[in-house]
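The values are calculated or read from the model by the stated rules, or taken from the named source; none is laboratory data. The structure presented is a predicted model; accordingly, all values stated were derived computationally and were not measured. Cβ placement follows ideal geometry from the backbone for every residue including glycine, while neighbour counts extend to all protein chains displayed. Please note that ligands, DNA and RNA were not included when accessible areas were found on the heavy atoms of the full protein model with its side chains. Shrake-Rupley method; radii C 1.70, N 1.55, O 1.52, S 1.80 Å.
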Amino acid sequence: MSAHPPSPSSSSTGHPVTFTRVPGAQPPVEEPGVRQTRRKKTAAGYKAIEDSIRFGVGMAGTKNTLMTFPNLNQVKGFNCQSCAWPNPDDDRSIAEFCENGFKAVSYEADTRRLTPKFFREHSIADLAARSDHWLGEQGRLTEPLVRRPGSTHYEPVTWNEVFQLMATELKALDSPHQAIFYTSGRTSNETAFLYQLFARAFGTNNLPDCSNMCHESTSVAMPPMLGIGKACVKLQDVETADAIFILGQNPGTNHPRMMTALQKMKEAGGKLVFVNPLPETGAFRFKNPQDLLHPTRIPRFLFGRGTELSDMWLPVRINGDMAFLKGLMKDMLEHEDAHPGSVFDHDFIRLHTEGYEELIEVLRATSWDDILHSSGLSRQQIREASAIAMQARSTVVCWCMGLTQHKNAVATIQDIINFLFLRGNIGRPGAGPCPVRGHSNVQGDRTMGIWDKADGDFLDKLATEFNIDPPREDGYDTVAAVKAMHDGSAKFFFAMGGNFLSSPSDTEYTAAALQNCRLTAHVSIKLNRSHLITGQTALILPCLGRTEIDRQAGGEQFQTNEDTMGVVNPTRGVIEPASPHLLSESAIVAGLAKATLGVSTPIDWDAYVADYDLIRDKIEATIPGFPSFNARIREGTFYLPNPPRDERRFETPSGKAVFKAHPLTRCDVPPGHLLLTTIRSHDQFNTTIYRNDDRYRGIFNGRRVIFMNEDDLHDLNLVQGQMVDITSHFKGEQRHAEKFMVAPYPIPKGCAAAYYPETNVLVPLDSTADESNTPTSKSIIITVHSPAEQFLSNGAVPR
Ligand SMILES: Nc1nc2c(c(=O)[nH]1)N[C@H]1C(S)=C(S)[C@@H](COP(=O)(O)OP(=O)(O)OC[C@H]3O[C@@H](n4cnc5c(=O)[nH]c(N)nc54)[C@H](O)[C@@H]3O)O[C@H]1N2
Ligand SMILES: Nc1nc2c(c(=O)[nH]1)N[C@H]1C(S)=C(S)[C@@H](COP(=O)(O)OP(=O)(O)OC[C@H]3O[C@@H](n4cnc5c(=O)[nH]c(N)nc54)[C@H](O)[C@@H]3O)O[C@H]1N2
Ligand SMILES: [Mo]
């Protein structure tokens with residue numbers, strides 16, 4: 001099976017990419033009037049409480065709100081569906097959640113229902129013309145739905161027919177590799193394990209997941225250096241670090257509970273360096289609503305100005321992080337040269353690492369001119385950041401999508417690890433790499449074997465444990481899956497959650513790919529755009545959410561998740577399911593597996609669904625780190641083993657931590673062009689749009705906004721509030737997105753930012769990170785022009 005079929009439009013150079021637009025593939029352009037006001041200077045505070053309650057009660061009602069929140073992130077309750085930030089090991093607060101967790105839970109615990117009448121009244125085309133926000137507002141799915149070939153509407157269908165339909169299609173394929181099984185990172189460990197087992201028993205490793213678009217660059221960068229692709233810190237290390245560097249992450253919006261840890265770190269005297277093209281509100285001042293739960297801290301919340309977080313904000317150019325990291329290390333090297341032994345941890349380097357000399361050679365060869373040009377920072381800014389790094393006895397580096405979604409992402413992340421190695425910042429308190437994962441169980445899903453790569457040892461174990469013959473060739477990742485559907489080499493698409501139309505790059509191309517399938521099926525809790533751009537036959541399969549009680553033949557079940565620090569947590573729903581027709585995700589996998597594989601495999605799918613303990617026993621038997629899984633999880637949470645963190649041991653081929661030296665990649669943007677990064681607003685979870693606001697950045701009532709530097713506005717003859725179209729440029733191809741409001745913003749000159757998923761149409765499918773194949777959603781070369789203007793084919797904008 002070829003993993004990389006031809007590119008979308010490799011034949012066309014120098015011309016706009018002429019995709020026929022698929023109606024409804026992109027969110028509609030018409031929006032109420034968008035408004036820009038002043039950006040906020042303090043994160044959270046009263047407004048966070050007020051907003052959460054208003055949104056939460058409005059959506060989930062008082063009863064569901066009162067039933068869910070006391071149980072959220074409690075050991076006997078359920079885990080938040082929002083981000084993967086960990087809970088404290090002990091001493092959990094009675095309100096262990098944040099504003100955006102509140103929104104995520106309420107969104108699921110919605111009291112509104114999608115009835116058969118709704119689907120009779122709304123054709124698929126009608127639904128596709130609505131906004132993403134509107135789709136989510138219509139309530140929970142209540143029964144399985146089918147769109148039969150040629151039909152304009154979805155209609156109810158029985159679960160039995162659902163499984164028969166899918167099994168018939170799967171059995172009719174010429175090869176198992178014509179089927180694709182996608183996963184979004186909300187799926188539990190138990191479902192993920194069963195799901196990958198089914199895909200492999202069926203005969204394919206086509207298991208793309210949201211991780212391919214997310215932290216894949218991290219998962220590729222870290223193992224060759226550390227022997228593991230996960231964070232090597234515990235929550236306590238973040239709270240007690242002497243210095244924390246945060247690169248390419250907006251914790252105030254996307255991991256708000258991380259702010260409590262940063263507050264503790266600051267109160268203990270730590271320093272925070274925030275590296276980001278944007279002055280994100282959450283990085284500066286934080287008023288912690290949790291303070292209201294501690295009598296001694298209430299006055300601080302009521303009368304204080306909030307905790308000052310960042311000691312330094314470095315407004316790096318988009319994708320200037322590698323240059324910054326090289327500058328940081330080069331400055332440290334200059335001090336080390338002047339006073340040998342004063343900066344680097346030579347004992348650690350000698351005893352535990354290899355590749356040091358090569359790194360030093362690269363640092364010496366990298367010029368300050370290149371560093372300053374590419375980073376967009378001054379020598380003085382780098383000097384000050386380096387002083388913080390050199391004074392700190394322990395340093396943690398956190399990063400997220402601002403680093404992973406660039407062409408050179410893997411090499412940049414490897415420079416973070418190089419930086420940490422130089423001062424032995426690994427395997428000791430308050431120190432280490434901290435990639436912050438996005439989806440609440442995306443890390444667990446990968447641990448469970450959701451991976452398009454064929455991992456020989458794991459497949460051997462599956463073969464022995466289940467008496468199956470799993471395929472040994474790599475499958476499709478997300479980008480390869482889109483291409484395979486587009487060129488017809490894949491015909492069956494199944495998604496365990498997520499929004500496969502709106503999350504990947506090149507929306508119009510992805511839409512055509514999905515439409516090219518014989519069957520598309522989505523397991524989901526609510527409607528989203530992927531359900532509306534379908535294959536010949538389409539299925540929507542409604543499942544239980546994490547808030548809901550999961551009753552099976554063997555009684556009430558609980559499941560487990562793994563957070564970004566490798567802690568396995570139990571999660572147990574507390575409210576009645578939204579409808580009696582919902583199945584658990586595991587039951588859906590089992591139904592599909594039974595109908596497809598029949599008695600051809602010796603796996604008793606019904607038994608696993610009746611009692612998830614049996615799935616956990618199999619996880620224990622096949623995946624390292626889960627001894628006595630069922631017993632331990634009943635006692636609470638536990639950490640998965642992490643050799644670099646726990647023992648300074650590195651499971652690399654040489655047993656050493658490995659420095660990786662790369663020359664600095666310059667990122668030059670042609671004159672008249674800008675570099676665009678795509679970001680999340682404060683009121684969305686990925687493609688789920690809670691509301692059309694972005695309070696911290698001062699944007700209200702709309703999402704089609706492009707943040708630009710004042711100087712660029714001036715150079716391009718643009719003014720605040722003006723509507724512009726955006727064109728992206730890649731290898732001579734052009735892609736277009738219409739009607740964005742110009743919003744002047746403190747972002748480095750030459751850089752721009754706009755929201756995802758509205759701008760995914762601009763990201764070329766072939767523009768991916770080296771090695772990890774992650775779409776480069778954070779560096780897109782664009783031009784902007786007012787709609788009336790005729791723009792020139794070379795991309796230059798007429799004055
Ligand atoms: N409420 C909420 N929580 C979420 C999510 C959500 O959508 N909403 N999504 C979840 C998921 S799946 C993920 S992966 C995470 C995402 O969490 P983040 O990575 O924080 O999300 P993004 O909005 O993509 O933000 C990237 C940040 O990097 C900055 N940035 C952009 N380009 C660059 C660059 O070149 N260099 C640097 N240094 N910075 C850059 C942006 O200004 C922004 O602050 O959050 C998770 N949590
Ligand atoms: N341009 C651009 N593109 C990006 C990114 C970016 O920063 N910029 N970020 C990328 C990243 S980091 C990620 S992780 C991906 C996200 O990609 P996905 O994970 O595919 O997308 P989500 O929007 O998180 O999926 C939301 C859908 O999941 C369904 N859902 C919610 N809860 C459940 C549940 O309990 N069970 C099931 N079965 N379904 C449920 C809902 O129907 C909801 O519509 O997008 C990527 N795409
Ligand atoms: Mo993500």
What percentages, rounded to whole numbers, describe P(r) for the stretch 73-136 computed over all alpha carbon pairs with 5 Å bin width beginning at zero? 3, 13, 19, 17, 12, 10, 9, 8, 5, 2, 0
For the stretch 375-497 (alpha-carbon point model, no solvent) the Debye-based log₁₀ I(q)/I(0) at q = 0.15, 0.16 Å⁻¹ works out to -0.96, -1.02
Note down the net charge around PHE344, summing +1 for each Lys or Arg and -1 for each Asp or Glu among other residues with Cβ under 9 Å from its Cβ. -1
Would you please give the residues with an amide H less than 5 Å from that of GLN684, counting only those at least 5 places away or on a separate chain, with H modeled from the backbone geometry? TYR690
Share of Cα-Cα pairs in the stretch 641-799 beyond 28 Å, whole percent, is 33
Computed helical MRE - 222 nm, the chain, DSSP H runs ≥ 4 contributing -39500 (n - 2.57), nearest 500: -9500 deg cm²/dmol
The stretch 33-40 - phi-based ³J(HN,Hα) in whole Hz, Karplus 6.51/-1.76/1.60, Gly and Pro as x: x, 7, 10, 10, 10, 5, 6, 7
Counting C-alpha atoms alone, how compact is the stretch 219-279: give Rg to one decimal and Dmax as a whole number, in angstrom. 12.9, 36
Relative contact order (percent) for the chain, with alpha-carbon contacts under 8 angstrom and 6 or more residues of separation? 22
Leaving out ligands, DNA and RNA, what percent of the accessible area of the chain is carbon and sulfur, probe 1.4 Å? 53
Put +1 on the Cβ of each Lys and Arg and -1 on the Cβ of each Asp and Glu in the stretch 217-435; which of HIS346, ILE426, LEU278 then has its Cα farthest toward the positive end of the dipole? LEU278
Hey, can you rank 344-356, 770-782 by average C-beta count inside 10 Å, highest first? 770-782, 344-356
If the reach is capped at under 27 angstrom between alpha carbons, list the lysines near LYS731, excluding any in the same chain fewer than eight residues apart. LYS407, LYS483, LYS739, LYS749, LYS778
Theoretical gain in end-to-end length, LEU66 to HIS339 [0.36 nm per residue, Cα-Cα removed]: 92.2 nm
So what are the three principal axis dimensions of the chain from its Cα atoms, in whole Å, longest to shortest? 74, 65, 57
For the stretch 217-435: relative contact order, % (alpha-carbon pairs under 8 angstrom, 6 or more apart): 32
With a Förster distance of 35 angstrom and the Cβ-Cβ distance between LYS731 and ASP347, calculated FRET efficiency to the nearest 0.05 equals 0.15
The stretch 600-732: C-alpha pair distances exceeding 24 Å, %: 67
Calculate the FRET efficiency for THR665 and GLU354 from the Cβ-Cβ distance with a Förster distance of 22 Å, rounded to the nearest 0.05. 0.40
Return the tail of the calculated pair distribution for the stretch 44-91, meaning the percent of Cα-Cα pairs more than 13 Å apart. 67
Run the dipole for the chain about the Cα centre, Lys and Arg Cβ at +1, Asp and Glu Cβ at -1, nothing else charged, and hand back the magnitude in debye, nearest 20. 1840
Starting from the Cα of PHE303, step 7 Å along the direction of its Cβ; do the same at ASP715; then give the gap between the two resulting points in nm. 5.0
How far apart, in nm, are two points set 7 Å out from the Cα along the Cα-to-Cβ line at GLN722 and at TRP134? 3.1
Note, ARG364: beta-carbon cut-off 12 Å, +1 each Lys/Arg, -1 each Asp/Glu, net -4
Give me the base-10 log of I(q)/I(0) for the stretch 459-578 at each q in 0.10, 0.12, 0.22, 0.23 Å⁻¹, Debye formula, one uniform scatterer per Cα, rounded to two decimals. -0.46, -0.66, -1.10, -1.12
How do the peptides 531-542, 398-409, 725-736 rank, highest first, by the average count of neighbouring beta carbon atoms within 10 Å per residue? 398-409, 531-542, 725-736
Could you give me the radius of gyration and the Dmax of the stretch 433-490, taking only the C-alpha atoms into account and expressing both in angstrom? 14.5, 41
Charge tally in the Cβ shell below 12 Å around THR142, where Lys, Arg are +1 and Asp, Glu are -1, THR142 excluded: +3
Could you list the trypsin sites (Lys or Arg not before Pro) in the stretch 53-82 that lie in coil according to DSSP, counting only those with at most 15 other Cβ atoms within 10 Å of their Cβ? LYS76
DSSP beta bridges in the chain, what fraction antiparallel, as a percent rounded to 5? 45
Find which of PRO251, ASN64, CYS210 sits farthest along the positive direction of the dipole of the chain, computed with +1 on the beta-carbon of Lys and Arg, -1 on that of Asp and Glu, about the Cα centre. ASN64
How much area per residue is accessible in the chain when the probe is 1.4 Å and only protein heavy atoms are counted (Å²)? 34
Across the Cα atoms of the stretch 217-435, what radius of gyration and what greatest pairwise Cα-Cα distance (Dmax) are found, in Å? 17.3, 56
With an 8 Å cut-off on Cα pairs and a minimum separation of 6 or more residues, tell me the relative contact order of the stretch 338-477 in percent. 22
Could you give me the ³J(HN,Hα) list for the stretch 224-241, computed from phi with Karplus coefficients 6.51, -1.76, 1.60 and θ = phi - 60°, whole Hz, x at Gly and Pro? x, 9, 10, x, 8, x, 10, 3, 10, 9, 10, 3, 4, 5, 5, 5, 10, 5
Quick one: if the Förster radius is 35 Å, what FRET efficiency do ALA463 and GLU576 give, using the C-beta to C-beta distance and rounding to 0.05? 0.30
Dividing the alpha-carbon radius of gyration of the stretch 66-198 by 2.2 N^0.38 Å, where N counts its residues, gives 1.36
